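Heads up, the thing below is written out as C-alpha cells.
The values are calculated or read from the model by the stated rules, or taken from the named source; none is laboratory data. Quantities reported herein were computed from a predicted structural model and do not represent experimental measurements. Glycine gets a Cβ as well: all are built from the backbone with ideal geometry, and neighbour counts include every protein chain shown. The protein model used for the area step is the full one, side chains on, heavy atoms only, and it has no ligands, DNA or RNA in it. Shrake-Rupley method; radii C 1.70, N 1.55, O 1.52, S 1.80 Å.
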Amino acid sequence: MKTIKINTTSIFIVLILSLFSSNSLFAQDNQEFQFWDRVRFGGGIGLSFSDGFFSGTLAPSAIYQFNDQFSAGVGLNGTYNSLKDRYTSTIIGGSILTLFNVIPEIQLSAEFEELNVSRSYDDALGLENDNYWYPALFLGAGYRSNNVTFGIRYDVLYDEQDSIYANAWAPFIRVYF
C-alpha cells in the first residue's frame, strides 16, 4: 500500500498565491472599484517579561473584504522567547484566514497557520536543540462590534508535544482597520 505524504508548506504557498491571483476573478467593469479600498489591516503585538524571561511577538495581517459577510487574508507571525540560562526560541511563520459574518455581530473564522519553531537549550540542561514546522488549523467564533471581534478558537490539529500553544482552545481579540 502506497502512503501519500502531504507537505503543508506547499499547500500554504499555493493557497496564498491563489488568494492574491483571485483578484481578477472579482474584477468589475466599473472603474470605481479599487482593490485597495477593500483591504483592511490589523494584527497583534505581544510583550511579556519577568525575572530572566522575555517574550515578544509581532503578527501583522491583512484581509480582503469581498462583501459584508465574507473576507479572507494572510498574516505573518514572528516571536522571540528567552529564559536566562535555560533556552531561547524563535518562531516565524504565516497564516491564511477566512472570516464569515453570520449576522453583523457573530463572526466565524477558519485560519491555517504554519510556523517554523527553532529552540536552543543551554548546554548544562542536556536537552537537544530542535527545529521543526508546526501546522495549526483554528476554527473560531466571536462577537463582533465594528472593527473589533473577540471570541474563542480551537486548533483541530493540536499536538500537545510540538505545539507552541499550551492548549488547543485559545481566546482571541481581532482588530482590523
The number of residues in the stretch 59-110 that are more than 16 Å from the chain's Cα centre (by Cα), surrounded by 15 or more Cβ atoms within 10 Å (Cβ to Cβ) and of a type in the set (S, T, N, Q) is 7
Residues in the stretch 121-141 that are surrounded by fewer than 15 Cβ atoms within 10 Å (Cβ to Cβ) and hydroxyl-bearing (S, T, Y) total 1
The residue that is surrounded by the most Cβ atoms within 10 Å (Cβ to Cβ), considering only those in the stretch 142-177 that are among the small types (G, A, S) and under 27 Å from V117 (Cβ atoms), is G142
Check the stretch 85-93 and report whether any residue there is in a strand (DSSP E or B) and of a type in the set (K, R). no
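When you scan the stretch 13-36, do you find a residue that is open to solvent by 30 Å² or more (accessible area, probe 1.4 Å), touching a helix residue (DSSP H, G or I) at 6+ places or on another chain (Cβ under 7 Å) and at pLDDT below 90, even just one?
Within the stretch 13-36, one or more residues are open to solvent by 30 Å² or more (accessible area, probe 1.4 Å), touching a helix residue (DSSP H, G or I) at 6+ places or on another chain (Cβ under 7 Å) and at pLDDT below 90.
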